[in-house]
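Okay, so here's the structure we're looking at.
Bear in mind these aren't lab numbers, they're just calculated from the coordinates by the rules spelled out. Bear in mind that the values here come from a model prediction, so they are computed numbers and not experimental data. Here the Cβ is made from the backbone with ideal geometry for all residues, glycine too, and neighbour counts use every protein chain on show.
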């Protein structure tokens, strides 16, 4: 890795990798530091991503994305970022005004002009017994509700979100149970009234066992009262833990729900710090994350690009000379002109029709 980057993305999910892709293609030296794992990596199949077939796993999806980012000249390293610290004046490359950050991850220590936090969140998991994620345990209603059309479904939880998701699932199947697993109900009186007027069966007994099909899919839960209820899958609704430790250390503003407050290009309340993906407000979907990543990458470009110089910059630094252009680094320039997507890249070396 280099010592200094213009953009450093912390996290390697769909949002972070898309931000890195855009930043790199727009001519900015970019690094991605990713600890691994995350929601997308857990997917057995990919749903709702146009152009990507259902049989593509999350790991396959991410591996392809990483390859694409690296092919354009970004650096990717798997490690856990432990610290992001603002630089003082004169530290790092191009930070004479005191902007920029030092990023530490294991044996990696770099400086960067901008940081993109794509750190996501962790779902609160209920206690076992539980089926395997993707084979009866599902985290995304909008991704996976289609899988359970006209199938028996459970929702686990005791809060308003659990009650509402149970009623939402009636749009897809008539057989919906809400499992409190012996915990006290916390949903509101309004939710209770709604539940009483929807055909949702609230089951209060704890789950003590489960049955699976030969392919590993959930087929039923066993309850402490001895009953067995058939299910093909369902959704636990116990909340989320947003990974905002780095954001907090930088003084970034958070929303009341624990997400990072951002504008429409991922800018946070701290100059040079951006955030995208599940750690920000919005739907936790791959297409949504990719859109946020694209806007964030473009936002970084707006804030980093060298040209055009404003009248004030021209007065301070003079006109742009031929020796000043292009602004893209030699490293990225060499990647660009040899990339298959460039007119001068490998495609031009192929024989024209009729040539032997």
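For a Förster distance of 35 Å, can you work out the FRET efficiency between the beta-carbons of residue 53 and residue 160, rounded to the nearest 0.05?
After rounding, the FRET efficiency stands at 0.45.
Could you work out the mean projected area of the convex hull around the alpha carbons of the range 99-151, in square nanometres to one decimal? If you can, show how the numbers build up before the last one.
Numbers: hull surface 27.5 nm².
Orientation-averaged projected area of the Cα hull: 6.9 nm².
Compute the helix-to-body angle for 286-304: its Cα long axis versus the longest principal axis of the chain, expressed 0 to 90° and rounded to tens.
The answer is roughly 20 degrees.
Give the angle, between 0 and 90 degrees and rounded to the nearest 10, that separates the Cα long axis of helix 58-71 from the longest principal axis of the Cα atoms of the chain.
0
Using a Debye calculation, one point per C-alpha and no hydration shell, please list log10 I(q)/I(0) for the range 118-191 at q = 0.15, 0.22, 0.23, 0.27 Å⁻¹ in order.
Values, matching the q order: -0.55, -1.13, -1.21, -1.44.
State the extension gain, in nm to one decimal, for the chain segment bounded by residue 302 and residue 204, taking 0.36 nm per residue of separation less the distance between their alpha-carbons.
29.9 nm
Suppose we take every Cα in the range 217-356 and form the convex hull; what volume per residue is that in Å³?
Convex hull of Cα atoms, per residue: 259 Å³.
Could you state the orientation-averaged shadow area of the convex hull built on the Cα atoms of the range 125-236, in nm² to one decimal?
Mean projected area for the range 125-236: 6.5 nm², to one decimal.
Report relative contact order for the range 208-356 in percent, whole number only (criteria: Cα-Cα under 8 Å, sequence separation at least 6).
The normalised contact order for the range 208-356 reaches 10 percent.
Using only the alpha carbons of the range 1-73, what is the convex hull's orientation-averaged projected area in square nanometres?
With the hull built on Cα positions only, its mean projection is 5.0 nm².
What percent do you get for the relative contact order of the chain when only Cα pairs under 8 Å and 6+ apart count?
The value is 20 percent.
Please figure out what share of the DSSP beta bridges in the chain is antiparallel and state it in percent, rounded to the nearest 5.
About 40 percent, rounded to the nearest 5.
How high is the relative contact order of the range 125-236, in percent, counting Cα pairs under 8 Å that sit 6 or more residues apart?
33
Run the quick spin-label model on residue 135 and residue 323: label points 7 Å from Cα toward the beta carbon, then report their separation in nm to one decimal.
It is 6.5 nm.
Give me the angle, in degrees from 0 to 90, between the Cα long axis of helix 14-25 and the longest principal axis of the Cα atoms of the chain, rounded to the nearest 10.
The angle comes out near 10 degrees.
Thinking of the chain as a set of Cα atoms, what percent of all their pairs are more than 33 Å apart?
The share of Cα pairs beyond 33 Å in the chain comes to 41 percent.
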